[in-house]
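Here's the structure we're looking at; comments come further down.
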Amino acid sequence: MADLTYREALRRALDDELARDPDVFLMGEEIGRFEGSYKVTAGLWQKYGPERVRETPISEEGFVGAGIGAAMMGLRPVVEIMTINFILVAMDQVINHAAKIRYMFGGAVGVPMVIRTPGGAGAQLTAQHSQSLEAWFAGCPGMKVVAPASVADAYGMMKTAIRDDDPVLFVENLVMYNVTGTMPDDPDFTVPLGRAAVVREGRDLTLVAHSYTVQRALRVADTMSRDGIEIEVVDLRSLRPLDAETVAESVRKTNRALIAEEGWSTYGVGAELAARIHRLCFDDLDAPVERVGGAEVPMPYSKPLELAALPLESKIEAAARGLLAESGIT
Amino acid sequence: MSEELVMPRLSDTMEEGTIGRWLVHEGDAFAAGDVLAEIETDKATMEFQAYDAGTVLRILVGDGETVALGAPIAIVGAEGETADESATAGNGATAPPPPQEEEAAAEAEPEPEPEPEPKAAPARKPSKSSSKAKSAAGNGSRATAALRVSPIARRMADQAGIDLAAMAGRGSGPEGRVVKADVERLISSGELTRPATAAGAPAAQSAPAEGEVRELTPMLKAVATRMTQSKQTVPHFYVESEIDMTRAMQLRAELNSGLADSGDKISVNDLIVRASALALMRHPQAHRSFVDGRHVYHAHANIGIAVALDDGLIVPVVNEADTKPVREISRETRDLAGRARAGKLKQREIEGATFSVSNLGMFDVANFEAIINPPESAIIAVGATVDRPVVVDGEIAVRKIMRVTLSCDHRACSGADGAKLLQTIKQLLQSPSLLLV
């Protein structure tokens with residue numbers, strides 16, 4: 001077991017896959033000599049050369065399209081989009097092509113491509129650069145959407161995503177990059193897509209989250225544990241396929257569910273999960289399913305306003321306590 | 001502004017209450033904390049106190065009359081004020097509509113009354129239901145708060161055979177929603193099945209006339225309902241034993257001669273309670289409740305002691321009897337039994353038993369079988385201790401023999417568990433000095 005950062009775990013997964021499979025290559029803006037805006041590709045250009053770590057112009061629609069073409073021809077591109085906010089100019093390529101090609105070609109051709117991109121807010125990058133848009137993509141059949149929240153999952157899921165025969169949107173997180181954690185020593189370690197994980201056991205409330213919000217959820221669980229309230233934290237890990245059964249299993253035990261996410265609640269991950277939970281666990285619920293999301297505004301620049309808009313621990317805790325109060329637990 | 005006092009919910013299982021007697025009259029002023037009436041519930045007679053000062057404008061339900069929970073029993077207000085007529089329609093000791101109708105009436109209510117809600121009545125209802133109750137009174141029905149139940153609470157109540165109608169508007173959730181914690185409380189308090197214990201039904205106090213029909217008291221109704229429910233739904237099995245009480249009787253005589261000046265007097269029953277409590281702690285499998293398809297274990301032995309009343313019975317509880325010396329068990333039991341007969345037990349004193357003792361030895365009963373009081377999983381029925389010839393070490397000797405029968409819930413424990421529990425009780429009573437350590 002070794003301690004390393006989420007950033008380093010991703011870098012290692014890319015390195016290992018580049019070494020393992022000559023069909024794997026990276027593509028993106030300033031990922032070579034500059035090593036990527038967030039240094040996830042550090043050292044890889046030097047190690048594998050410009051053929052396999054390709055620099056692109058600022059042209060998301062163009063290089064996502066190029067990635068799709070390469071994937072259709074049998075390569076395994078890993079395309080970096082500097083932040084998820086910039087994927088919007090490539091929407092047609094992602095939704096109408098990457099997600100549709102296997103269907104449009106009657107199953108004859110697939111798109112084994114990974115799009116890596118960080119989302120999230122918290123660094124005063126304001127309205128256009130602070131979004132968590134993953135739920136939009138998770139709603140689209142033909143895509144896989146994953147958002148690991150731990151170092152081990154970042155490594156294990158990146159390898160699985162690269163080996164997957166369909167397009168995977170791999171959502172990283174700006175704040176997660178410097179989070180450290182342990183990773184198994186086993187070089188063949190992988191994590192399957194589409195499986196949620198119970199990352200903390202509890203009996204009073206199921207708190208579901210993905211990406212960096214899982215870290216917040218764990219801190220809330222720690223805090224409330226001091227008051228004798230035991231929260232079970234479920235890390236979704238994948239948004240599509242969505243492992244609602246693991247969530248339901250937890251809710252059947254705790255009888256209460258709270259979903260926290262950094263994106264907007266409306267039509268969000270929590271909206272989808274709430275619907276699934278009501279269907280799967282209706283007779284197990286002791287209170288309505290509750291959600292906490294980012295404030296439904298464009299992210300403000302001002303630091304106090306940014307903090308006010310984020311689903312920080314205080315908000316998650318307040319929602320959890322409110323839900324427990326509805327169940328007569330205080 | 002006059003307002004209604006309503007029949008308060010004084011026990012979790014209470015669905016209706018009887019005014020024992022009013023301690024105030026129409027026109028009397030009262031202060032906060034004054035006892036306005038004595039109310040007889042299914043369990044006990046309890047005092048009904050005023051939350052705020054006021055004057056009794058009208059008494060709607062007379063002494064000895066019974067009304068449903070939440071039904072108006074009096075109108076109070078400021079001195080000199082007259083009772084609000086709209087609030088008095090449909091008063092009296094009539095039977096309440098069944099809960100379903102109440103709920104329907106509440107739902108059919110078109111809009112809330114613009115009237116401000118009562119501000120100072122004991123057992124105040126939420127404003128919504130309060131206004132509903134008033135306007136519904138106009139067309140002859142009386143509404144209480146709608147019954148809201150979370151899905152898991154409803155499922156648990158169904159499985160435990162609990163009717164939640166009496167919980168309408170009284171759960172811990174928003175707008176009185178009944179939640180899981182409420183049902184767990186009901187189940188673990190044993191509330192809903194409380195007075196259900198051993199048979200014992202002494203004769204009524206006055207000789208009934210030929211063919212006379214009498215209503216059951218709330219307590220007798222509860223006994224009837226819960227005994228039926230237990231005997232029909234709990235799979236009872238019975239293990240029986242004879243216990244040589246010779247040494248226990250000697251010990252008791254010794255203790256009592258030593259305690260003669262203290263006023264304490266240890267009974268055989270106290271020794272049985274102590275022995276049962278110690279034995280239960282050694283046999284957790286015979287000391288757990290079957291609730292909602294699961295086993296609920298108990299950290300301490302809370303022993304219910306069936307106390308016969310003139311007509312009926314009640315089962316006060318000696319809590320954590322495993323931690324208490326015989327003398328303390330004896331004192332508590334004497335106090336509880338005395339107050340049980342006087343109808344002065346508090347609600348919490350008849351809740352939470354994990355095992356019961358029913359002793360009919362004083363009636364020269366050789367042996368009998370008692371009905372389990374769920375969610376307890378066992379009850380011991382104790383007969384009289386009599387001199388009997390028995391074989392001791394190959395010789396016939398006269399010993400003091402007591403016959404006991406343990407009734408067990410087969411969902412909670414197996415025959416062997418019950419047998420082991422009874423064996424330990426027997427060993428403790430036959431080596432009674434162990435009860436003192």
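The values are calculated or read from the model by the stated rules, or taken from the named source; none is laboratory data. Computed from a predicted structure; not experimentally measured. In this analysis, Cβ positions are derived from the backbone assuming ideal geometry, glycine residues included, and neighbour counts consider all displayed protein chains.
Quick rundown of the values:
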{"read-out": "Residues of region B:154-178 that turn out to be part of a loop (DSSP other than H, G, I, E, B) and within 11 Å of chain A (Cβ to nearest Cβ), as a count", "value": "4"}
{"read-out": "From the options A:Ala275, A:Ala319, residue that is assigned to a helix (DSSP H, G or I), in contact with a Leu (Cβ under 6 Å, 6 or more places away or on another chain) and either away from every other protein chain (no Cβ under 14 Å) or aromatic (Phe, Trp, Tyr) (or both)", "value": "A:Ala319"}
{"read-out": "Criterion (modelled with pLDDT of 95 or more, part of a helix (DSSP H, G or I), in contact with an Asp or Glu (Cβ under 6 Å, 6 or more places away or on another chain) and not acidic (Asp, Glu)) met by exactly one of B:Ala222, B:Ala277", "value": "B:Ala277"}
{"read-out": "Qualifying position, being within 14 Å of another protein chain (Cβ to nearest Cβ), buried (at least 19 other Cβ atoms within 10 Å of the Cβ) and without any contact (Cβ under 8 Å) to a residue 60 or more places away in the chain, among A:Ala325, A:Ala287", "value": "A:Ala287"}
{"read-out": "Test: residue in region A:291-299 that is within 20 Å of A:Val198 (Cβ to Cβ) and either within 14 Å of chain B (Cβ to nearest Cβ) or of a type in the set (A, V, I, L, M) (or both)", "value": "yes"}
{"read-out": "Cβ-Cβ under 9 Å pairs, at least 6 apart or on other chains, region B:291-305 side of a type in the set (Ser, Thr, Tyr), far side in a loop (DSSP other than H, G, I, E, B)", "value": "B:Tyr297/B:His287"}
{"read-out": "Scope region A:215-229; condition of a type outside the set (Gly, Ala, Ser), touching a residue at least 12 places away in the same chain (Cβ under 8 Å) and assigned to a helix (DSSP H, G or I); matching residues", "value": "A:Gln215, A:Arg216, A:Leu218, A:Arg219, A:Val220, A:Thr223, A:Met224"}
{"read-out": "Every residue from region B:190-219 that is more than 17 Å from B:Ser358 (Cβ to Cβ) and either modelled with pLDDT of 85 or more or touching a helix residue (DSSP H, G or I) at 6+ places or on another chain (Cβ under 9 Å) (or both)", "value": "B:Glu191, B:Leu192, B:Glu215, B:Leu216"}
{"read-out": "Test: residue in region A:224-239 that is farther than 29 Å from B:Arg148 by Cα and surrounded by fewer than 19 Cβ atoms within 10 Å (Cβ to Cβ)", "value": "yes"}
{"read-out": "Selected residue [without any contact (Cβ under 8 Å) to a residue 12 or more places away in the chain, out of contact with any His (no Cβ under 6 Å at 6 or more places or on another chain) and assigned by TED's automatic domain parsing to the domain that holds B:Thr333] from B:Ser267, B:Ser262, B:Ser230", "value": "B:Ser262"}
{"read-out": "Members of region A:293-312 that are of a type in the set (Asp, Glu) and surrounded by fewer than 19 Cβ atoms within 10 Å (Cβ to Cβ)", "value": "A:Glu296"}
{"read-out": "Verdict on A:Leu242 being in a helix (DSSP H, G or I), among the hydrophobic types (A, V, I, L, M, F, W, C), closer than 16 Å to A:Glu134 by Cβ and away from chain B (no Cβ under 14 Å)", "value": "no"}
{"read-out": "Residue within region A:251-272 that is within 14 Å of chain B (Cβ to nearest Cβ), among the polar types (S, T, N, Q) and outside any loop (DSSP other than H, G, I, E, B) present", "value": "yes"}
{"read-out": "Cβ pairs under 8 Å, 6+ apart, first in region B:24-49 and on the phi > 0 side of the Ramachandran plot, second part of a loop (DSSP other than H, G, I, E, B)", "value": "B:Gly33/B:Ala50"}
{"read-out": "Counted residues, region B:384-423 - those being in a helix (DSSP H, G or I) and crowded, with 20+ Cβ neighbours inside 10 Å", "value": "4"}
{"read-out": "Region A:182-193, residues that are more than 14 Å from A:Ala13 (Cβ to Cβ) and not β-branched (Val, Ile, Thr)", "value": "A:Asp185, A:Pro192"}
{"read-out": "B:Lys134, sole failed condition from (1) within 14 Å of chain A (Cβ to nearest Cβ); (2) at pLDDT below 70", "value": "(1)"}
{"read-out": "Complete set of residues in region A:17-34 that are at pLDDT 95 or above, in contact with a helix residue (DSSP H, G or I) (Cβ under 7 Å, 6 or more places away or on another chain) and among the charged types (D, E, K, R)", "value": "A:Glu17"}
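Each row is one residue, and each column tells you yes or no for (1) assigned to a helix (DSSP H, G or I); (2) over 22 Å from the mean Cα position of the chain (by Cα); (3) closer than 30 Å to A:Leu312 by Cβ.
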site: A:Gln46; (1), (2), (3): yes, yes, no
site: A:Pro50; (1), (2), (3): yes, yes, no
site: A:Ala66; (1), (2), (3): yes, yes, no
site: A:Gly69; (1), (2), (3): yes, yes, no
site: A:Val79; (1), (2), (3): no, no, no
site: A:Gln93; (1), (2), (3): yes, no, no
site: A:Gly110; (1), (2), (3): no, yes, no
site: A:Thr117; (1), (2), (3): no, no, yes
site: A:Phe137; (1), (2), (3): yes, no, yes
